[in-house]
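We did not get these values from a lab; they are worked out from the coordinates using the rules stated. Since this is a predicted model, take the numbers as computed values, not measurements. A quick note on method: Cβ atoms are made from the backbone with ideal geometry, for glycine too, and the neighbour counts reach across all protein chains shown.
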Amino acid sequence: MGYNVAIDGPAGAGKSTIAKAVAKELNLIYVDTGAMYRAVALYMLREGVDLTDREKIASKCTEADVTIRYEDGVQVVFLNGENVNAYLRTEEVGEAASMVSPIPQVRKNMVALQKNLAAKSDCIMDGRDIGTCVLPDARLKIYLTASSDVRARRRYDELLAKGENCDLQKIKADIEDRDFRDMNREESPLRQAPDAVVVDTSDMAVEEVISSVIELCRSTR
């Protein structure tokens, strides 16, 4: 197995932002597992599947061929041969992903791909169950978190910058609802691995978090 770093944590903690920056600095491959689940969710939305129909999702998820390639150092997610990066970060797809991802058959398909990627390369992977399920033997495990108030404000500012109308209290409620679902699902719930290093980013600037994680990586590599 290569040198693997697992980053877990709740929605909006900045996992993807940090993992991408650290991967670039340390020449690791970045595997955004959330994007893989979002691609499955996008498929279900496009197919008009009722997101409360777990059996239908379980049977149709095998039709969603999700693959990852790297083009000019950037992770590109393909859904049945189509580059879907541009469609994965909407609120609708994010909410759908949190409903689709707990389903055992969906997780089984995605985890197999994630383990395969990690076995072949030095990588940093972020998600909800990386240190506990996908890469239990990762050299470094980090639990990245922040208060729901801080995570909601970050998301609010991000959406405003894109020119979208949004409500801060609704975003906070959605984040707390997603936390509850992620932490209480039957299959691979969000948990801090016993040997994970906790990094609370509530009072940290992005640059501080990146520097802290880079130092952790260098000390374990």
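Give, rounded to the nearest 20 debye, the magnitude of the charge dipole that the chain has about its Cα centre when Lys and Arg contribute +1 at Cβ and Asp and Glu contribute -1 at Cβ.
Numbers: 30 positive and 37 negative charges, 98 e Å.
Using only the charged Cβ atoms, the result is roughly 480 debye.
When each pair of different Cα atoms in the chain is counted once in the 1/r mean, what is the Kirkwood radius in angstroms, to one decimal? Before the final figure, lay out the partial values.
Working: mean 1/r = 0.0566 Å⁻¹.
Hydrodynamic radius (Kirkwood, Cα only) of the chain equals 17.7 Å.
Give, as a single signed number, the net charge of other residues whose beta carbon lies under 13 Å from the beta carbon of ARG185, with Lys and Arg counted +1 and Asp and Glu -1. Intermediate results must be reported in sequence, preceding the final value.
Numbers: positive: ARG54, ARG107, ARG128, ARG178, ARG181, ARG191; negative: ASP129, ASP177, ASP179, ASP182, GLU186, GLU187.
With Lys, Arg at +1 and Asp, Glu at -1, the net is 0.
What net charge is computed for the residues neighbouring ALA58, neighbours being all others with C-beta under 15 Å from the C-beta of ALA58, Lys and Arg scored +1, Asp and Glu -1? Please list the in-between numbers first.
Values: positive: ARG54, LYS56, LYS60, ARG107, LYS108, ARG185; negative: GLU47, ASP50, ASP53, GLU55, GLU63, GLU186, GLU187.
Here the count lands on -1.
Considering the dipole of the range 4-220 built from charges on the beta carbon (Lys and Arg +1, Asp and Glu -1) around the Cα centre, which of GLY73, LEU117, TYR87 is farthest to its positive end?
LEU117
With a 10 Å radius around each residue's Cβ, average the other Cβ atoms per peptide and rank 92-98, 154-160, highest first. It would help to have the intermediate numbers written out before the result.
On the way: 92-98: 19.4, 154-160: 15.9.
Ranking the peptides 92-98, 154-160 by packing returns 92-98, 154-160.
For LYS56, list the lysines whose Cα falls under 27 Å from its own Cα; do not include residues on the same chain fewer than 8 positions away.
Within the straight-line cut-off, LYS56 pairs with LYS108, LYS115.
Using the Karplus curve 6.51 cos²θ - 1.76 cosθ + 1.60 with θ = phi - 60°, what ³J(HN,Hα) values do you get for each residue of the range 49-66, in whole Hz, with x for Gly and Pro?
3J(HN,Hα) across the range 49-66, in whole Hz: 6, 5, 6, 8, 8, 4, 5, 5, 4, 4, 6, 8, 5, 5, 7, 8, 8, 9.
Could you tell me the center-to-center distance, by alpha carbons, between the range 158-221 and the range 97-148 in angstrom?
When both Cα centres are located, 14 Å separates them.
Once amide H atoms are built 1.01 Å from N in the peptide plane, which residues 5 or more positions from VAL199, or in another chain, come under 5 Å H to H?
For VAL199, whose amide H was placed from the backbone, the distant partners under 5 Å are TYR143, LEU144, THR145.
Using the Cα centre of the range 77-163 as the reference point, and only Cβ charges (+1 on K/R, -1 on D/E), how large is the resulting charge dipole? Debye, rounded to the nearest 20.
Values: 13 positive and 11 negative charges, 50 e Å.
Using only the charged Cβ atoms, the result is roughly 240 debye.
Could you work out the helix-only [θ] at 222 nm for the chain, with each DSSP H run of four or more residues adding -39,500 (n - 2.57) and the total divided by the number of residues, to the nearest 500 deg cm²/dmol?
Numbers: 8 runs with 106 residues, N = 221.
-15500 deg cm²/dmol, from helical runs alone.
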